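First up is the structure itself, then whatever we jot down about it.
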Amino acid sequence: MKILKAGTKITTVIGGIEAFIVGVCITMETVEYRVRYFHNGEEKTTWLYRYEIEVAKPKQQAGFGAKQVNQNNDSEILLMQG
């Protein structure tokens, strides 16, 4: 089971809200992520399931020519394998 690390920047599938993972709750059959985001200048937190979020892609710098964007794949940790 792979778990997203705290501090990982994510985007919600519905609404495209950018947020950061600040906590993880692992129960018998589910994994929930506590995420923090700002809306109208207020800090908000909520719990989301993995299927409701995507790891945010790194932004590419403006300019001419194609540059290789290094994807940081250390946003997940392997909790257990089975």
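The values are calculated or read from the model by the stated rules, or taken from the named source; none is laboratory data. Because the structure is a prediction, the values reported are computed rather than measured. Using ideal geometry, Cβ is built from the backbone for each residue, glycine included, and neighbour counts are taken over all protein chains shown.
Quick one: is ILE3 over 26 Å from LEU78 (Cβ atoms) and either of a type in the set (A, V, I, L, M) or in contact with a helix residue (DSSP H, G or I) (Cβ under 8 Å, 6 or more places away or on another chain) (or both)?
Considered against the rule, which asks whether it is over 26 Å from LEU78 (Cβ atoms) and either of a type in the set (A, V, I, L, M) or in contact with a helix residue (DSSP H, G or I) (Cβ under 8 Å, 6 or more places away or on another chain) (or both), ILE3 comes out as no.
Just checking, how many residues over segment 45-64 are closer than 19 Å to LEU78 by Cα and in a strand (DSSP E or B)?
Selection size over segment 45-64: 4.
Out of the residues in segment 45-75 meeting the condition of being charged (D, E, K, R) and out of contact with any strand residue (DSSP E or B) (no Cβ under 8 Å at 6 or more places or on another chain), tell me which one is modelled with the highest pLDDT.
This residue is LYS57.
Taking only pairs six or more apart or across chains, which ones have beta-carbon atoms under 6 Å, a first residue in segment 35-56 that is touching a residue at least 24 places away in the same chain (Cβ under 8 Å), and a second residue that is loosely packed, with under 13 Cβ neighbours inside 10 Å?
Within 6 Å, the pairs are GLU52/VAL13.
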